Amino acid sequence: MSSSTASILPPPVAGDTSGDFFAWIRRDPLGALLLVLSAGVLIYFFGFYKVFMNGAQSTAVWAWKGWNDENDQVHCRFILPVIGYLLWLRRAELMSVVKAPSGRGLAFVIGGVVLFVLAVRCLQPRFAIVSLPLIVYGAAEYLGGRAFARIFIFPCLLMLFMIPIGGIIQGTVTLQLLTSKTVGAVCALLGIHVQIIGTTINVDGHSFEVAGGCSGIRSLMAMTMLSALYVYFALRQPWQQFAVFAGSILFALIGNIARLFTVVLVAKWWDPVIAGGLYHDYSGFVFFPIAVLAMVGFGNLLSRDWSRAEGGGHLPIGRREEASKDAAEEETERKKPASPVSYDY
């Protein structure tokens, strides 16, 4: 590792828990300057380098316009502030971890730069957004080492949710067919007469088209992002995190199918106009929270200590060791010999 790289960050200091960012700036002003310049270059190319849409938009502007109501991705505008908050919560750890710059991070940085160049050549801004977490993580590992970069793994993964899916919605035919066929199967099981023709559901002469946005892709994107945040804060075991994240996909699809099924019910027994208009537009505010609660309940089931179920209580798995230690201490105290009785009068 070259000396110029090592000078960017303060020398490794084991157990440094000061967490004083400004103290580091005073110790190594050149390193702080280089970090600021690197951040400036990153901000310029992603925020101000206009190359997309005939040279009229930068990556950030293109993404911002894609986070709109039509794509149901307005929530993406809060991802970067959420990432900043997550890093702020771990600021003490960021400052206290031993900095050991690693050359392996350069591979991620180079990969991100190549992907950004490819995005420019192909005029595909989604590639540019994917390159951002690669560059950020690579820079963190190159400058601070693996332990330092590990803190950035989840924030970098969260950046992938910033990708606008507007064009992707046009490629959801398989999901649309799955949704319409499932609704038709449920109706047939319950004896409700409907006619399914491709992605069209005919209810007593009224047709309802399962469009790309109704396929579940939008609720799927929002649900997966919420589940990622939930498992990050609430669960500690990797298998639990993976199971809940994968389950959130299923809950989102089931919730969307249930919503479309109720649209059929409203059309058949109330008013098709209301079913395709007012009810269709606002029923998502009912079924999406139900899907979120199902995900949280699933996570709660996975985190229970079922070995204590007979006693009528449960603990998150993350607290099992603490509970076991307390129980052992109580058992030790119980087994201590009793103090002799004093007969002094």
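The values are calculated or read from the model by the stated rules, or taken from the named source; none is laboratory data. What you see is a predicted model, and the numbers here were worked out from it, not measured in a lab. When we count neighbours, we look across all protein chains shown, and the Cβ atoms used for this are built from the backbone with ideal geometry, even at glycine. For accessibility, only protein heavy atoms count, side chains too; no ligands or nucleic acids. Shrake-Rupley method; radii C 1.70, N 1.55, O 1.52, S 1.80 Å.
Key figures for this structure:
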quantity	calculated
The range 205-287, accessible surface, carbon-and-sulfur percent (1.4 angstrom probe)	73
Residues whose placed amide H lies under 5 Å from that of Gln57, excluding near-sequence neighbours	Val51, Phe52
Extension gain (nm, one decimal) between Leu37 and Tyr282, 0.36 nm per residue minus Cα-Cα	83.5 nm
With every protein chain in place, the range 60-117: carbon and sulfur % of accessible area (1.4 Å)	71
Inter-site label distance for Thr174 and Thr224 at 7 Å from Cα along Cβ, in nm	1.3
Förster-model FRET efficiency, 30 Å R0, Leu250 and Arg146, C-beta, rounded to 0.05	0.35
Protection proxy ranking of 77-83, 231-237 - average other beta-carbon atoms within 10 Å, highest first	231-237, 77-83
Extension gain (nm, one decimal) between Phe242 and Ala92, 0.36 nm per residue minus Cα-Cα	51.3 nm
